[in-house]
Amino acid sequence: MTYEEWEGQVHERVRAEPVWGFAGYRKALFLYDLTWQDCDKLMNDRRGRAVAEQLVRCCGSIGANIEEGHGRGYGKQRNWFLTVAIGSARETKGWYWRARQLLPADVVDHRWHSPTR
């Protein structure tokens, strides 16, 4: 599924939220949906289960922290949550690297790049 196809399927209530205007948030939600699919493959291998659990947590944290930060308005708290979201994005990249033994190389490469590519 392409980013454009995915965006067309997002529920109108999600798209109506003010945070939807932030492109980083939309990409975080798209990445989470891709991660969910990837975890199906990882769960087929005993070694991949721990990786899948970590991926779901850190990838989900990206969007969750953007949501929470956006809800704080502007200032130090908002910036702190966005900083945490960036940290979670970096952690997600690390877990995708660790998953490279169980996921196709093109999938890992795609996850390391912008979801709109």
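Some notes on this structure:
- Residue check, E12 of a type outside the set (G, A, S), under 17 Å from the mean Cα position of the chain (by Cα) and surrounded by fewer than 11 Cβ atoms within 10 Å (Cβ to Cβ): no
- Qualifying residues in region 27-37 (those that are of a type outside the set (G, A, S) and out of contact with any Lys or Arg (no Cβ under 9 Å at 6 or more places or on another chain)) - the one nearest to G60 (Cα to Cα): Y32
- When R47 is tested against (1) of a type outside the set (D, E); (2) surrounded by fewer than 18 Cβ atoms within 10 Å (Cβ to Cβ); (3) closer than 21 Å to W20 by Cβ, just one condition goes unmet, and that condition is (3).
- The C-beta contact set for region 13-30 (first residue at negative phi and touching a residue at least 60 places away in the same chain (Cβ under 8 Å), second residue part of a helix (DSSP H, G or I) and of a type in the set (G, A, S), distance under 7 angstrom, 6+ apart or interchain) comprises A28/G63.
- Selection within region 45-82 - modelled with pLDDT under 95, basic (K, R) and in a helix (DSSP H, G or I): R46, R47, K76, R78
The values are calculated or read from the model by the stated rules, or taken from the named source; none is laboratory data. In this text, all values refer to a predicted model and were calculated from it rather than measured experimentally. Glycine also receives a Cβ, built like all others from the backbone with ideal geometry; neighbour counts cover every protein chain displayed.
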